[in-house]
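Below is one structure, written out as structure tokens; comments come after it.
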Amino acid sequence: MVYLDNAATSYPKPSEVYDSVFAFMKDTCANPGRSSHGMARDTAELVMKARESLAALFNFPNPLQVSFTPNATYALNMAIQGVLRRGDHVVTTAMEHNSVLRPLYELKKFGLIDYTIVQPYDRFGAIDPKTLSRAVGPRTRLMVLTASSNVTGTVMPYEEMGEIARKKGIYYLVDASQGAGVLPFDVQAMHIPLLAFPGHKGLLGPQGTGGLYVDEAVALRPIIQGGTGSRSFETIHPTFMPDMLESGTINTPGIVGLGAGVDFILKTGINAIREKKERLLARLYERLVSHPKIKLYSTIEAHKNSGIIALLIEGMDSSEVGNLLDSRYHIAVRSGFHCAPLAHKSLGTQKTGLVRISLGYFNTLDEVEYAADSLIEIANNPGQG
Ligand SMILES: Cc1ncc(COP(=O)(O)O)c(C=O)c1O
């Protein structure tokens, strides 16, 4: 199978990830922060090491300011529901994932908040920073922006919006689901007080991992309470990071694997990872762009794409193309709607969906050529499904 669905979850992982998860499950596998025995201490040390690796990658000063979550969705919900208060206003975009939109819809449904959704200005889903900035009003407490679209791969102005949000005195939450591990993130230089990320996509960790970085200045309420191993006699859930957002037993094998994934990225270098992805992306684009029946919804302008080519083949539904790629060519892509309904409406693909080819660091040029050959064959013979 040629795996081109890395925006859903990355595969394969670096061998260090597999090895570390296996070794941990076999030898260490205790609960950190609960007991004081050696295995629990060793586990706590490994979890701390993963926090330190994330702090190095995203440049936050205190590794304890990151909490581990089961995925990006939990992290986004914890941030959104944790900072908003009755009467608040939120600025976000039509390019967001349902993990951002649905919590906002829910809060609005109960009359608690209101929001402004900024529309993209081109067919790649690009968002204008000035439009975002102008949408901020006197009641705005939070701006939520995806670093890169999970539908088209378009990189959003997430770097510059941090300074704008800071000047306007509002919280700024970046959804790094389609950027962490590929795009540069420096939460201090970019003024990003809230950064939500999955561990299982570009960070190359196992599924069931993710996290939320929270700046010390953010007043955040935990939306889940329970055991943390600390302050057991207090009736109030801890209000300090990371315990505040880590209720219940954490996914220690996953976190150890995530730490190994992040270490692999630190060792390889974000620039090298990005350059390789951009090279593969450019080749795929080049092979497809002039085909009369293939319409591309992604740009390959330098540093403007996190690793996705979204496309449609004339006269075919995206799921038909996805099914053919799977059954006839053994190529794994995602088709249909990518949990981003407003993005599809804005791009005009709400009926067809889009075929999403998402590259990973371990894909090869041969795989890209094969995917291009296959898509061209399908486009030239659409009736042969
Ligand atoms: C932009 C974006 N945000 C949020 C998510 C949710 O991530 P997770 O599946 O880790 O909860 C995804 C997953 O595809 C995504 O692409």
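Bear in mind these aren't lab numbers, they're just calculated from the coordinates by the rules spelled out. For clarity, every value in this text was computed on a predicted model and none was experimentally measured. Heads up, the Cβs are rebuilt from the backbone with ideal geometry, glycines too, and the neighbour counts pull from every protein chain shown.
For this structure, a couple of remarks:
- Region 15-268: C-alpha pair distances exceeding 35 Å, %: 14
- Length gained when the stretch Lys304-Thr364 is fully extended (0.36 nm per residue, less Cα-Cα span): 19.5 nm
- Straight-line reach from Lys109: taking Cα to Cα under 15 Å and skipping same-chain neighbours fewer than 8 places apart, the aspartates and glutamates in range are Asp88.
- In sequence order, region 279-290 has phi-based couplings of 5, 5, 4, 4, 5, 4, 4, 4, 6, 9, 4, 9 Hz under the Karplus curve 6.51 cos²θ - 1.76 cosθ + 1.60, θ = phi - 60°, and Gly or Pro positions carry x.
- What the Cβ-Cβ distance of Glu52 and Asp373 gives, at R0 = 41 Å and to the nearest 0.05, is a FRET efficiency of 0.40.
- At R0 = 25 Å, FRET efficiency that the Cβ-Cβ distance of His37 and Glu16 yields, to 0.05: 0.40
- The chain: antiparallel DSSP beta bridges as a percent of all, rounded to 5: 50
- Mean separation of Cα contacts under 8 Å (6+ apart) over length of region 271-368, as relative contact order %: 30
- Excluding same-chain neighbours fewer than eight residues apart, the lysines reachable from Lys277 by a Cα-Cα span under 17 Å are Lys13, Lys201, Lys267, Lys304.
- Separation in nanometres of the label points that stand 7 Å from Cα toward Cβ, at Met1 and Lys345: 3.4
- Mean-position separation - Cα centroids, region 28-51 and region 327-385, in angstrom: 42
- Gain upon complete extension [Ala219, Arg279; 0.36 nm per residue less C-alpha separation]: 17.4 nm
- For the pair Ala30 and Leu266, the difference between a 0.36 nm per residue extended length and the Cα-Cα distance amounts to 82.3 nm.
- Length-normalised contact order for the chain - Cα pairs under 8 Å, 6+ apart - percent: 23
- When only Cα pairs below 8 angstrom with a gap of at least 6 residues are kept, region 79-196 shows a relative contact order of 25 percent.
- Karplus 3J(HN,Hα) series, Hz, for region 130-142 with 6.51 cos²θ - 1.76 cosθ + 1.60 (x for Gly, Pro): 5, 5, 4, 4, 5, 6, 6, x, x, 9, 5, 9, 9
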